[in-house]
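Notes follow the structure.
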Amino acid sequence: MAGERERGGRERNREREERDSEFVDKLVHINRVAKVVKGGKRFGFAALVVIGDQKGRVGFGHGKAREVPEAIRKATDSAKRNLTRVPLREGRTLHHDIAGRHGAGKVYLRAAPPGTGIIAGGPMRAVFESLGVQDVVAKSIGSSNPYNMVRATFNALKRQDSPRSVASRRSLKVSVVQSRRIGGDAEAAAD
């Protein structure tokens, strides 16, 4: 009985490790803070981590602890709890251009043709690499604070729409929505 229970626990841990291994995590920023106490200074660390499966799911997390590895672990756990699914065109770029903001941080994300690569600054680059985007052009305006940049990027990505969701919302066919995007086909629009 105890052997079966032990084996079940090991199998669960192995399944959890396999599920965790599908995610790519990127450390975006570590902040060291000092608290002055009677005997000197006590240091603490805050970590910002972005995690994704490189297939359209991405999340970010924030963790604080006395040691760096513990802060990173907490941030990674937080990121896994806050995953967001983002629709991608052909699995490589965004469906449309979009702006996002958080606080004083503003970002502009633009879909790009194949071969462009990821043209984005530090914290935004980590988000796109974890998401699985291969072609995108992004610009950050305003705050260069990594927390604001990551949150503004997520704000933009959450408002990303696929032609399928637009078509279902408007009770149209996906081909009609896509034809309007590509050439503005008047005959398709008349249907």
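At pLDDT below 70 and either farther than 25 Å from Met124 by Cα or surrounded by fewer than 17 Cβ atoms within 10 Å (Cβ to Cβ) (or both), is that true of Glu17? First the steps, then the outcome.
Numbers: at pLDDT below 70: yes; either farther than 25 Å from Met124 by Cα or surrounded by fewer than 17 Cβ atoms within 10 Å (Cβ to Cβ) (or both): yes.
When the stated conditions are applied, Glu17 passes them.
Residue pairs, Cβ under 8 Å, 6 or more apart or interchain, first in the range 88-104 and at negative phi and of a type in the set (Ser, Thr, Tyr), second surrounded by 15 or more Cβ atoms within 10 Å (Cβ to Cβ) and part of a strand (DSSP E or B). List them.
Thr93/Ala111; Thr93/Val136
In this structure, does Leu48 turn out to be open to solvent by less than 10 Å² (accessible area, probe 1.4 Å), at pLDDT 90 or above, within 19 Å of the chain's Cα centre (by Cα) and within 24 Å of Ser162 (Cβ to Cβ)?
no
Of all residues in the range 39-57, which are in a strand (DSSP E or B) and under 17 Å from Phe128 (Cα atoms)?
Scanning the range 39-57 gives Leu48, Val49, Val50, Ile51, Gly52, Arg57.
The values are calculated or read from the model by the stated rules, or taken from the named source; none is laboratory data. It should be emphasised that the depicted structure is a prediction, and the values quoted were computed from it without experimental measurement. Please note: Cβ atoms are built from the backbone with ideal geometry, for glycine as well, and neighbour counts cover all protein chains shown. Side chains are part of the model used for accessible areas, which takes the heavy atoms of the whole protein and leaves out ligands, DNA and RNA. Shrake-Rupley method; radii C 1.70, N 1.55, O 1.52, S 1.80 Å.
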